[in-house]
Amino acid sequence: MKNRNTVLILGISSILILISIQVFIIMGVWKQKNEMFALRYSMLSKDALTFISRRMPTDGFDTVRFLLTKYSEQANKELHAIKDKKELIEKKKDILDYFTKVVTQEQDLSGMLSSYFERRGFEKNFNYSIVINNLEMINNDTIVVYRSEDFANRLSADRNIKSPPSEVSRSKILVNWFIEEDNNYRLVFDYFIDFSDKQRVVWEETSLSLAMAILSILIVVIIFIITYRNLMEERRLSNLKTDFINNMTHELKTPLSTITVAGKTLEMPQIRSNDAKILETAKLIGKQSIHLNQLINMILEISMWERTQFQLDKKIVKIEDIMNDVVDSFKSGGGNNASINQKYNFKGAEIDLDVVYFTTLINNLLSNAVKYSDKEPIINIEGFTEGNTVCIKVVDNGIGINRIDQKHIFDKFYRASTGNIHKFKGLGLGLYYVKKIAEAHGGDVTVSSRPGKGSTFTIILPNNL
Ligand code: ADP
């Protein structure tokens with residue numbers, strides 16, 4: 001149990017670690033694809049800008065320039081005339097709003113970029129945004145209308161603002177930064193684009209790695225489950241074998257020690273003079289030898305089945321006659337303390353049977369019904385034909401079998417764990433034998449039972465004569 005839990009914990013932990021590693025890798029791939037996407041469009045935008053500056057008559061900001069020049073002369077004068085601080089703030093705000101509006105709405109760069117992307121077979125639909133970094137109104141002296149923190153930092157790092165800010169922002173792609181100026185103003189702004197489809201494209205590009213990761217995890221999980229189940233099955237079988245060896249030793253020892261004691265008894269002078277006692281002891285030895293022989297034969301036969309197919313010696317018999325014979329001989333043998341009732345409706349059915357094996361099958365069921373009983377055993381045997389089958393039910397009033405054991409009782413060596421092996425002796429082979437014989441005849445055996453409420457074993461055999 002402890003071992004089993006260790007295997008489970010180790011297995012599950014390794015799978016969890018594998019999943020975490022895969023998640024980590026996929027996140028890395030996703031991030032990389034994301035950056036590649038941004039980089040691709042960032043480089044493409046740079047090409048587009050070079051192309052526009054070399055080949056186009058405009059850089060896309062002509063209208064912007066015209067409007068701002070027209071506006072800024074007057075605005076500049078007004079701004080410089082204002083003394084009141086509050087009024088100055090208001091005016092700066094108006095100027096910034098106007099500049100933002102004009103730069104955003106009147107530029108033609110977006111249209112030019114879009115058609116450049118389209119011509120080169122890239123996605124042409126994107127959103128753009130313009131972020132003003134610095135706006136100064138210039139007269140004799142300069143009034144800073146707006147300055148972003150980022151720009152201020154850049155300024156302090158390099159007075160000439162040579163390097164543009166980072167190429168790729170998280171969600172937006174920086175195309176370029178621009179400076180527009182004339183005698184009255186100086187404007188620095190960034191131009192960004194972003195694609196609404198970006199996440200879809202990136203996920204599509206990541207999907208192969210994702211699928212491979214999921215597949216590899218699935219394969220590992222399946223391999224783990226199969227290995228674990230095999231391991232558990234092997235352990236179960238090995239436990240069954242150990243139990244079998246213990247039970248077999250116990251089973252073989254009982255008749256052997258009886259024979260040994262009987263032999264010693266025969267050596268005693270007072271017994272040798274008593275004919276009746278000699279006969280009784282000899283009979284005992286004979287009975288125990290037969291029992292011993294049966295046990296050994298059963299074990300030998302089962303090991304033979306493992307290697308060769310069942311060899312049936314079938315003949316056509318009336319099933320009702322056979323049932324009566326088997327039950328009668330059982331009653332006069334091991335089942336003499338049981339009350340056995342028979343109710344048959346075979347309608348004279350004749351089937352192809354190996355009588356010896358069939359007798360063993362019924363005998364095993366009947367002796368189990370007697371053996372696994374904690375009170376006076378009452379066994380009801382029913383038999384009838386149903387379509388192309390013959391059905392035989394052996395119903396007992398014994399201790400019953402729980403649901404879990406019911407699944408295994410037909411397995412080789414299996415003995416119900418609740419059964420006290422000293423009280424109910426056995427090798428766990430009887431029902432295995434029953435199942436094998438039924439199957440060899442093209443039939444089957446099933447059980448229905450409840451602990452404390454007895455059991456019903458149903459044999460179905462084909463009746464296709
Ligand atoms: P064995 O009797 O030698 O243990 P069997 O293969 O005949 O082996 O039976 C397997 C197990 O099924 C038994 O150990 C017992 O627990 C259970 N069993 C079989 N027949 C009955 C029955 N009629 N009533 C209750 N339990 C039964």
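No value in this document is a laboratory result; all are computed from the given coordinates. Note that the structure is predicted; figures quoted are calculated from it, not measured. Glycine also receives a Cβ, built like all others from the backbone with ideal geometry; neighbour counts cover every protein chain displayed.
Label separation (F24 vs M56): 4.6 nm, computed from points 7 Å beyond Cα along the C-beta direction. Length available on full extension from R119 to D352: 0.36 nm per residue minus the Cα-Cα distance, which gives 75.4 nm.
Label separation (T456 vs R236): 2.6 nm, computed from points 7 Å beyond Cα along the C-beta direction.
Among the listed pairs K283/K315; K283/K435; K315/K435, those with a Cα-Cα distance over 29 Å are K283/K315; K283/K435. Residues H250, H441, arranged from fewest to most other Cβ atoms within 10 angstrom of their Cβ, appear as H250, H441. Against the main long axis of the alpha-carbon atoms of the chain, helix 2-55 sits at an angle near 20°. Counting only Cα atoms, the size of the stretch 163-318 along its three principal axes is 147, 45, 24 Å, in decreasing order.
Relative to the Cα centre, the charge distribution of the chain, modelled as +1 at Lys and Arg Cβ and -1 at Asp and Glu Cβ, gives a dipole magnitude of about 1440 debye.
Scaled against the 2.2 N^0.38 Å expected of a compact globular protein of N residues, the Cα radius of gyration of the stretch 353-465 reads 1.04.
Phi angles across the stretch 105-114 convert, under the Karplus curve 6.51 cos²θ - 1.76 cosθ + 1.60 with θ = phi - 60°, into 3J(HN,Hα) values of 8, 9, 7, 10, 4, 4, x, 5, 5, 4 Hz, Gly and Pro given as x.
What residues of the stretch 175-197 lie in the reach of a label at D141, counting those whose backbone N is under 18 Å from a point 7 Å from the Cα along Cα→Cβ? Within reach of a label on D141: 184-186.
Restricted to Cα atoms, the stretch 1-127 shows a radius of gyration and a Dmax of 27.9, 91 angstrom.
With contributions of -39500 (n - 2.57) from each DSSP H run of at least four residues, the per-residue ellipticity at 222 nm computed over the chain stands at -20500 deg cm²/dmol.
Among the lysines, which fall within straight-line cross-link reach of K85, defined as a Cα-Cα distance under 29 Å, with same-chain neighbours fewer than 8 residues apart omitted? Those lysines meeting the cut-off are K70, K77, K93, K101. A viscosity of 0.692 mPa s and a temperature of 37 °C, combined with the Kirkwood radius over C-alpha pairs in the Stokes-Einstein formula, give the stretch 107-156 a diffusion coefficient of 239 µm²/s. Legend: distances between Cα atoms for K331/K407; K425/K453; K253/K371; K347/K393; K46/K124; pairs beyond 23 Å are K331/K407. Over the chain, all Cα pairs binned in 10 Å intervals from 0 give whole-percent P(r) values of 3, 13, 15, 11, 8, 6, 5, 6, 7, 9, 8, 5, 2, 1, 0, 0, listed from short to long.
In a fully extended conformation the segment linking M268 and R4 would gain 89.4 nm over its present Cα-Cα distance, using 0.36 nm per residue. At q = 0.14 Å⁻¹ the log10 of I(q)/I(0) for the stretch 235-304 amounts to -0.55, computed by Debye summation with a single uniform scatterer per C-alpha, solvent ignored. Report the percentage of all Cα-Cα pairs in the stretch 319-418 whose separation exceeds 16 Å, rounded to a whole percent. Percent of Cα pairs beyond 16 Å in the stretch 319-418: 61. So for the stretch 232-365, considering every pair of alpha-carbon atoms, how many percent are separated by more than 18 Å? The answer is 72 percent, as a whole percent. Taking amide H as placed 1.01 Å from N in the peptide plane, the amide H of G454 sits under 5 Å from that of G398, G400, each at least 5 places away or on another chain.
If you take all other residues with their beta carbon under 9 Å from the beta carbon of L135, and give Lys and Arg +1 and Asp and Glu -1, the sum is +2.
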